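Each remark here refers to the structure printed beneath this line.
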Amino acid sequence: MKKRDFIKFLGFGTLGTVACVTGIAGCFSRGSSGERKNWAWVHPLEQPDNTDTGGEWEKLLTNLKGWGVDSVLLLVREKSIVDKVLPIAVRTGIELHGWIITMEYPDKATMKEHPSWYVVNGRGESCIDKPAYIDDYRWLCPSNPEVIEFTKSRVSELCAYNELAGVHLDYIRYPDVILAPAHRKLYDIPQDELIHPQFDYCYCDICRAGFEQISGLDPLMISDQDTNEAWREFRHNSLTTVVNELYGLVHKSNKILSAAVFPTPGLSKLRVRQDWVNWKLDYVMPMIYQKYESKPVEWIGTAVREGTGALAGKFPLLSGLHLYQLSPEESGMAAGLSLDAGASGIAYFTGNKMDENYWKQLKNIIS
Ligand SMILES: [Zn+2]
């Protein structure tokens, strides 16, 4: 089913009518992004695994190219994976980006050597001693200048690869102060949407001094921690500063910067302090994973529209679809709704999950 047929299928009539139903923001966003591109996150721990000598990677990237994927975001935990996959990507005509887990950094040596780099909750407890939800919830503080320098050094290592097209930031956020509905049910925590101090970050010495300098208040002592607008803004700005510095760094190497973010601008700010509409980015990929939100597939279009509307063409938005949460038929519907809402392409989570069944449903919509 071609895009225009998909719109007809939804009952919106001809392509000429689409301009009206898409809305001004959607048209502007799509029009300003140049040609549409489709991306895929690829996880090295799925098939093919690290023991593969290259043949499986060749097969995977060739398949993805044939399935309309232009760019692959490769999860990089060790540089050796870039050494292995980058020559294959170049050969198969795939644009490769290094995907890093940015602020969540549960590395034992770093925690031991630099405990002050890690976030502190509203009870004054370090995530090293009392991680929220799971053991891996050891997060770096974006306000800490040493953390920013450390993160820049990680990104610089990727920028040293001439043929790598860009860097992709994931977990570029604070720990969730409020979990998504489906995740909340998994833990013995308050099942509400209130801000509780044990999940609220960061109250490290640097954050406290930084906020006190601009407001005259110690955030650990204020009575309205959960509603104080200036304190909320301080944390938005801390993350924005990190992203913008990384943007400058990546662009100096003639590469591009993209980021995986929470599904909508509103949920991103509320839950993880991401004000991504105001970040410097080349692409943003909201992870519009409807099952985590206990929402139907149709919500994906609504979420994309919120993002493209807020961005108003500032940079392109790619709709991040969780293929493990979508049947092949649903993936076609989700892609159609995303493009109609102004997405400049689709980002599949994951490329490892793509197959002919998905492609049959997607090819006439995304091509
Ligand atoms: Zn802090």
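The values are calculated or read from the model by the stated rules, or taken from the named source; none is laboratory data. Just so you know, these numbers come straight off a predicted model, no measurement behind them. Quick reminder, even Gly has a Cβ in these numbers, built from the backbone with ideal geometry, and neighbours come from all protein chains shown.
Structure above, values below:
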item	result
Pick from region 82-100, criterion among the aliphatic types (A, V, I, L, M) and surrounded by 17 or more Cβ atoms within 10 Å (Cβ to Cβ), ranking: farthest from the ligand (Cβ to nearest atom)	Ile88
Breaking point among (1) aliphatic (A, V, I, L, M); (2) closer than 22 Å to Asn228 by Cα; (3) over 21 Å from the mean Cα position of the chain (by Cα); (4) within 15 Å of the ligand (Cβ to nearest atom), for Val119	(3)
Region 50-107: number of residues that are in a helix (DSSP H, G or I) and of a type in the set (D, E, K, R)	8
Close pairs from region 199-214: first free of Cβ contacts under 8 Å to residues at least 12 places away in the same chain, partner more than 7 Å from the ligand (Cβ to nearest atom) and acidic (Asp, Glu), Cβ under 9 Å, at least 6 apart	Ala209/Asp218; Glu212/Asp218
Number of positions in region 220-235 that are within 15 Å of the ligand (Cβ to nearest atom), under 20 Å from Ala132 (Cα atoms) and under 27 Å from the mean Cα position of the chain (by Cα)	3
Only listed residue being modelled with pLDDT of 95 or more and more than 20 Å from Asp129 (Cα to Cα), chosen from Leu217, Leu179, Leu194, Leu186	Leu217
Which listed residue is of a type in the set (A, V, I, L, M), within 20 Å of Leu267 (Cα to Cα) and more than 18 Å from the chain's Cα centre (by Cα), from Ala347, Ala343, Ala312, Ala303	Ala312
Scope region 113-125; condition β-branched (Val, Ile, Thr) and not in a loop (DSSP other than H, G, I, E, B); matching residues	Val120
Boolean, Tyr187 is under 30 Å from Ser71 (Cβ atoms), part of a loop (DSSP other than H, G, I, E, B) and of a type in the set (Ser, Thr, Tyr)	no
Counted residues, region 184-206 - those being within 16 Å of the ligand (Cβ to nearest atom), closer than 20 Å to Ala230 by Cβ and under 24 Å from the mean Cα position of the chain (by Cα)	3
Residue in region 126-138 that is in contact (Cβ under 8 Å) with a residue 40 or more places away in the chain, assigned to a loop (DSSP other than H, G, I, E, B), within 24 Å of the chain's Cα centre (by Cα) and within 16 Å of the ligand (Cβ to nearest atom) present	yes
